[in-house]
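So the structure is just underneath, and the comments pick up after that.
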Amino acid sequence: MSEAAAVDSAHYRHYVGGRFVDAASGATFDVVNPATEEVVATAARGDGEDIRAAVGAAKDTFEAGDWSRARPSFRREVLFRAADLVEARSGEIQRLQTLEMGAPLGPELPGPHPLVTRSAWNLRFFAEEQEQAGDHAFNRDDSLLTYTISDAAGVFGLITPWNAPVMLSTWKMAPCLAYGNSAVHKPSELSPLSMSLVCEIFEEAGMPAGVYNMVLGYGREAGVPLVEHKDVTGVSFTGSPGTARDIAARAAGSLKRTSFELGGKSANIVFADANLDRAVPMAAVGIFANSGQVCVAGSRILVQRSVYGEFLERFERAAARWRPGDPMNRKTRLGPLVSEGQYDHVMGYLDIARDEGRILFGGGRPEHLRKGYFVEPTAIVDIDPGSRVCQEEIFGPVAVILPFDDADDALRIANDSSYGLAGYIWTESQTTAHYVSHRLQTGMIWINSGFDRDLRQPFGGMKNSGLGREGGDLSREFFTETRFASFPLTPRGDGSSG
Ligand code: NAD
């Protein structure tokens, strides 16, 4: 463990060049437990000076080559050790995440928490991928041999949100680091605690100092200088479309590559022939898990008219199993929203829903919880699909439930959205599933299921839900520089036919 461990107290620091350090300015900000509204820690408040130090450390390490030009098997070993340590420290990681952003700890399991398992899987998957990845060689008749070279591209800025801090961060860090780059990571100001454990883990796993750096703080103060830094090759961002626009505009100045994983208003389409015993509880998981603060949440539930009434009754019964409570209690399924700002944001939409539609159940603060940013599981019905609550991302435990007549009607409603992240289809008909999945304007589609992932698949969205895809070869493409080298094979020596 580091000589100056990050989590020896309730004060959390940046991690720069292999050391935990305070902000150069000495500034800090408070970290609030959303379940109690109490300040539980302080964190270093980064700005341009801290970013310059972190990018400098990352660039020096990159140029030294201890990681960027190391054997792929060395990087694989380090990342595998890190993955083992992430699993071994699963309980600590999960507790810090619960403290900073309110996700319930969930039931005691024999192994690590599923989100922590996914984080370890991210590390192992890309560690393995980079070791196996090969370049292409093209041999054109006997005149030219040309081959591609894909290697580490430089220093990347990684900017992440708070809703699954370690899982979403490792999804970017794993390919970035596996392919030999260095990184400066700016986690969300709402979840600055849990990533400190990952810094300790990387150090213990043997990652050279300066490969991974973390600067805590706010978007305007620490995110902007990271995006604008001339020595940053690219920015991989997960968050809201408004922030992505700002990043795109600033990155344009130095023609940086960018990758954007953004929000959603995903349709969960339930046909009359669906198995409701599965579709209903999964629809509840799709909008109530993590209090609806999930980018791929199925927040617009579309139900074929002939089973609409039955669906509503069953969905209300399923929602009753999502009683809000203390997220540290292992029996709790629904925790608080992340912050007061998010609570006000969700409550604002519930006011609109009361004016423009009808709240079927929920719609406010649970009576038994007077403190904390809790919102009851809520369903909104009798509302126009064009209304703001049907069009905008609420990011809370709030479903709108709309009836439809047939597949084309479902597609018309589902595709009438500025977002296009995920879609869910529940039907026993393969023909319907194919018809709808080919026409649904979303980056990801789950049929009679949800959330399962193969990390080789392209992850990302259409429209305002993203630009670019991550996963498998697509992550490799983003995080490497691909070039070619060419040999003439003819006596003339030019090898070219134009
Ligand atoms: P956000 O855009 O407010 O912030 C995300 C990150 O960007 C934070 O670290 C923040 O500090 C930083 N930031 C803010 N302004 C910045 C700027 N001008 N320049 C650089 N960095 C800046 O989003 P959020 O509220 O933290 O996260 C919620 C959003 O993220 C939702 O829209 C959700 O759907 C989306 N999300 C998408 C995915 C996905 O994979 N598609 C996954 C999770 C969350």
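The values are calculated or read from the model by the stated rules, or taken from the named source; none is laboratory data. Fair warning: this is a prediction, and the values are worked out from it, not measured in the lab. Glycine gets a Cβ as well: all are built from the backbone with ideal geometry, and neighbour counts include every protein chain shown.
Numbers below:
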| read-out | value |
| --- | --- |
| Qualifying position, being within 16 Å of the ligand (Cβ to nearest atom) and either among the small types (Gly, Ala, Ser) or closer than 25 Å to Cys295 by Cβ (or both), among Gly102, Gly111 | Gly102 |
| Inter-residue pairs, beta-carbon under 6 Å, first free of Cβ contacts under 8 Å to residues at least 24 places away in the same chain and in the stretch 236-251, second near the ligand (Cβ under 7 Å from one of its atoms) and among the polar types (S, T, N, Q), 6+ apart | none |
| Subset of the stretch 382-400 [touching a residue at least 60 places away in the same chain (Cβ under 8 Å), in contact with a helix residue (DSSP H, G or I) (Cβ under 9 Å, 6 or more places away or on another chain) and in a helix (DSSP H, G or I)] | Cys390 |
| Residues satisfying the stated conditions in the stretch 344-403, i.e. more than 16 Å from the ligand (Cβ to nearest atom), closer than 22 Å to Met101 by Cβ and charged (D, E, K, R) | Arg365, Arg370, Lys371, Glu376 |
| Filtered residue count, the stretch 141-174, keeping only those that are of a type in the set (Asp, Glu) and touching a strand residue (DSSP E or B) at 6+ places or on another chain (Cβ under 7 Å) | 1 |
| Residue match in the stretch 355-369 (condition: free of Cβ contacts under 8 Å to residues at least 12 places away in the same chain and either farther than 18 Å from Ala35 by Cβ or touching a Cys at 6+ places or on another chain (Cβ under 6 Å) (or both)) | yes |
| Enumeration of residues in the stretch 260-287 that are more than 22 Å from Met462 (Cα to Cα) and either within 16 Å of the ligand (Cβ to nearest atom) or of a type in the set (Asp, Glu) (or both) | Asp273, Asp277 |
| Complete set of residues in the stretch 235-252 that are within 9 Å of the ligand (Cβ to nearest atom) and among the aliphatic types (A, V, I, L, M) | Val235, Ala244, Ile247 |
| Which listed residue is closer than 19 Å to Ile380 by Cβ, surrounded by fewer than 22 Cβ atoms within 10 Å (Cβ to Cβ), of a type outside the set (Gly, Ala, Ser) and in the same structural domain as Ile380 (by TED's automatic domain parsing), from Asp416, Asp406 | Asp416 |
| Cβ pairs under 8 Å, 6+ apart, first in the stretch 421-434 and surrounded by fewer than 24 Cβ atoms within 10 Å (Cβ to Cβ), second among the acidic types (Asp, Glu) | Thr427/Asp273; Glu428/Asp273; Ser429/Asp273; Thr432/Asp273 |
| Residues of the stretch 458-495 classified as within 13 Å of the ligand (Cβ to nearest atom), free of Cβ contacts under 8 Å to residues at least 24 places away in the same chain and surrounded by 15 or more Cβ atoms within 10 Å (Cβ to Cβ), total | 1 |
| Residue that is farthest from the ligand (Cβ to nearest atom), among those in the stretch 181-234 that are among the β-branched types (Val, Ile, Thr), assigned to a helix (DSSP H, G or I) and crowded, with 21+ Cβ neighbours inside 10 Å | Ile201 |
| Leading residue by the ranking (farthest from Ala53 (Cα to Cα)) among those in the stretch 235-249 that are out of contact with any Leu (no Cβ under 6 Å at 6 or more places or on another chain) and part of a helix (DSSP H, G or I) | Gly242 |
| Subset tally (residues that are part of a helix (DSSP H, G or I), under 21 Å from Glu481 (Cα atoms) and of a type outside the set (Phe, Trp, Tyr)) for the stretch 113-151 | 7 |
| Candidate set: the stretch 435-452, residues that are touching a residue at least 12 places away in the same chain (Cβ under 8 Å) and more than 13 Å from Ser266 (Cβ to Cβ); chosen: the one farthest from the ligand (Cβ to nearest atom) | Tyr435 |
| Qualifying residue in the stretch 323-339 (condition: surrounded by 20 or more Cβ atoms within 10 Å (Cβ to Cβ) and either without any contact (Cβ under 8 Å) to a residue 24 or more places away in the chain or assigned to a helix (DSSP H, G or I) (or both)) | no |
